[in-house]
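First the structure, in the form of structure tokens, and then the observations on it.
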Amino acid sequence: MNCSYDRFIRTTDQDHEQQVRKIFRKLYDKGDIYKSSYEGMYCTPCESFWTESQLVDGKCPDCGREVKPAKEEAYFFKMSKYADQLIAHMNEHPEFIRPVSRKNEMMNNFLLPGLQDLCVSRTSFDWGIPVDFDDKHVVYVWLDALTNYITGIGYKCGEECDELFEKNWPADLHLIGKDIIRFHTIYWPIFLMALDLPLPKQIFGHPWLIQSDGKMSKSKGNVLYADELVDFSE
Ligand SMILES: [Zn+2]
């Protein structure tokens, strides 16, 4: 399809990890991250917290065992502090979220009813980037995942950024699947506001490519592969 990338990035890259630790500390120091506790349904063998909606028939979606309500210490990001600023931005920039149906969904389902603070750390497992002033905790998960858009092009927290970052940020467009639109149009812009960085100009949430008999799935055998489409068009 004649597509290529400039840099292949994993969130385990050392430069990314280092920046996430600095970002977490910076946001904690300015009071946007605070310590509290996280409550959910816990599967002991899997060491995983689940929300009610993730459970399958009331059981752990990974192993199918019983779960029980549990609580753990966690850090939270004060989403509520920036909600009004984000609502104003969306209203002043109607092009910010496309299509407009997605904007309305975000506004009506999440922003206007009152934005919940986001849990940004876990202690129940140790894969992930440690919080550098509290190493029982690892950063979980959007603060780590989303910031690679800027660390990947040389954002340096509290220092002079690389030329590539100065040249390319803010992005003209984030093109993403509709199932992760909330993370990209609410949490991500708010993290950027907290870091005093400009927001991407537009976020486009595209629908899924589906087949006539529903979602594509390998087990159903109705998947379209890009390489086969290319062969077919040649
Ligand atoms: Zn389990």
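Numerical summary
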| quantity | calculated |
| --- | --- |
| Cβ-defined net charge surrounding SER124, 15 Å radius [Lys, Arg +1; Asp, Glu -1] | -4 |
| Added length on full extension, which subtracts the Cα-Cα distance from 0.36 nm per residue, ARG25 to ASN108 | 26.7 nm |
| Fewest-first ranking of THR185, THR12, using other Cβ atoms within 10 Å as the exposure measure | THR12, THR185 |
| Summed side-chain charge close to ARG10 - residues other than ARG10 whose Cβ falls under 12 Å, Lys, Arg +1, Asp, Glu -1 | -3 |
| Among LYS178, LYS22, LYS103, residue whose mean-square fluctuation peaks in a GNM of the chain (springs only between Cα atoms under 10 Å) | LYS178 |
| Length-normalised contact order for the stretch 1-101 - Cα pairs under 8 Å, 6+ apart - percent | 24 |
| Relative contact order for the chain, counting Cα pairs under 8 Å that sit 6 or more residues apart, in percent | 19 |
| Euclidean distance between Cα centres, the stretch 127-150 to the stretch 159-226, Å | 19 |
| Rounded to 5, percent antiparallel among DSSP beta bridges of the chain | 80 |
| Packing-based exposure ordering (other Cβ within 10 Å, fewest first) of TRP142, TRP127 | TRP127, TRP142 |
| Anisotropy class of the stretch 1-110 from Cα gyration tensor, a/c 1.5 cut | rounded |
| Distance (nanometres) between label positions extended 7 Å along Cα→Cβ at ASP62 and LEU197 | 2.9 |
| In the stretch 187-234, the trypsin sites (Lys or Arg not before Pro) that fall in loop regions by DSSP, at most 11 other Cβ within 10 Å | LYS218, LYS220 |
| Shape call, the chain: gyration tensor on alpha carbons, a/c limit 1.5 | rounded |
| Cβ-based exposure ranking for VAL138, VAL100, VAL67, VAL223, in which fewest neighbours within 10 Å come first | VAL100, VAL223, VAL138, VAL67 |
| Residues GLU72 and LYS218, FRET efficiency given R0 of 41 Å [Cβ-Cβ distance, rounded to 0.05] | 0.70 |
| Gyration tensor (alpha-carbon) shape descriptor, the stretch 85-196, a/c threshold 1.5 | oblate |
| Expected 222 nm ellipticity per residue - DSSP helices of 4 or more, -39500 (n - 2.57), all of the chain, to 500 | -8000 deg cm²/dmol |
| Debye, to nearest 20: dipole size of the chain, +1 on Lys, Arg Cβ, -1 on Asp, Glu Cβ | 620 |
| Under 12 Å, Cβ to Cβ, from PHE110 - net charge with Lys/Arg +1 and Asp/Glu -1 | +2 |
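Values in this text are rule-based calculations from the coordinates and carry no lab data. Source: prediction; values computed, not measured. All Cβ positions, even for glycine, are placed from backbone atoms using ideal geometry, and neighbour counts span all protein chains on display.
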